[in-house]
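Chemist: To start, I am sharing the structure in question, which I have written as structure tokens.
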Amino acid sequence: MEAPAPDVPPTFDHLMLPHLDAAYNLARWILRNDQDAEDAVQEACLRAWRAFDRFRGGDARAWLLTIVRNVCYTHLRQVRREPLVEEFDEAAHGSAEAPGETNAIAWRETKGELLRQALERLPVEFREVLVLHEIEGLAYKEIATVAEIPLGTVMSRLARARHKLSAELLALTGKEPSHGL
């Protein structure tokens, strides 16, 4: 798609269409269902198109992903598929085990199917931050904007998500049983 002329404001299609894959990816991991994810992205695009006159520039991807996330969470609340928030666990939050980067590198190298299974086992709020950071490449600040949570929560949730993902991977490989970590 060609960039608009400098004096012509960018169109909805120009700003939003490049981010449809990221929108679907986020919706798929939150909702765990291909059809629901497609429906959520379609609904989010419709909402974004209707609100486009209120978009004031900035990061179009973060703006669209925020709308996708909101549509997904609304859908989850309506169908009551799973609890949306995991209870805060001080022991997990305060864990000083392997650094996050080591965990991130290790899980990237894991076989795809095993990783997919482990991600599916995580609570939605952990899948969300992992997908946004590790797969979509969003910075912590962008995740905070999309997920509508404080920056510190992004960092702690991502660390806890990596820890839980490691535990699930170990459980799937038979090296250690999963105890709801």
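Chemist: Excluding Phe12 itself, calculate the net charge of residues whose Cβ lies under 13 Å from the Cβ of Phe12, where each Lys or Arg counts +1 and each Asp or Glu counts -1.
Modeler: +1
Chemist: Tell me, what is the percent relative contact order of segment 120-181, built from C-alpha pairs under 8 Å that lie six or more residues apart?
Modeler: 31 percent
Chemist: Taking 37 °C and 0.692 mPa s as the conditions, I'd like the Stokes-Einstein D for segment 14-66 in µm²/s, using the Kirkwood hydrodynamic radius from alpha carbon pairs.
Modeler: Numbers: Rh = 11.2 Å.
Estimated via Stokes-Einstein, D reaches 293 µm²/s.
Chemist: Express in Å², to the nearest 10, the accessible area of Arg50 obtained by rolling a 1.4 Å probe over the protein heavy atoms while all chains stay in place.
Modeler: Rounded to the nearest 10, the figure is 150 Å².
Chemist: Rounded to the nearest 0.05, what FRET efficiency is calculated for Phe52 and Asp7 with R0 set to 25 Å and r the Cβ-Cβ distance?
Modeler: Numbers: r = 19 Å, r/R0 = 0.76.
Calculated transfer efficiency: 0.85.
Chemist: Using the Cβ atoms and a cut-off under 13 Å, what net charge is assigned to the surroundings of Arg28, where Lys and Arg are +1 and Asp and Glu are -1?
Modeler: Result for the local shell: -4.
Chemist: Additional query: Applying the Karplus parametrisation 6.51 cos²θ - 1.76 cosθ + 1.60 with θ = phi - 60° to the phi angles of segment 122-131, what ³J(HN,Hα) value in whole Hz is obtained for each residue in order, glycine and proline being reported as x?
Modeler: Going residue by residue, I get 6, x, 4, 5, 7, 4, 4, 5, 5, 5 Hz, with x marking Gly and Pro.
Chemist: Label segment 133-173 by shape, choosing from rounded, prolate and oblate, from the square roots a ≥ b ≥ c of the eigenvalues of the Cα gyration tensor; if a/c is under 1.5 it is rounded, and otherwise prolate applies when a/b is larger than b/c, oblate when it is not. Walk me through the numbers before you get to the answer.
Modeler: Working: a/c = 3.70, a/b = 2.11, b/c = 1.75.
Here segment 133-173 falls in the prolate category.
The values are calculated or read from the model by the stated rules, or taken from the named source; none is laboratory data. Remember, predicted model here, so these are calculated numbers, not experimental data. Neighbour counts are summed over all protein chains in view; Cβ atoms, including those assigned to glycine, are modelled from backbone coordinates with ideal geometry. Surface areas here come from the heavy atoms of the whole protein model, side chains and all, with no ligands, DNA or RNA. Shrake-Rupley method; radii C 1.70, N 1.55, O 1.52, S 1.80 Å.
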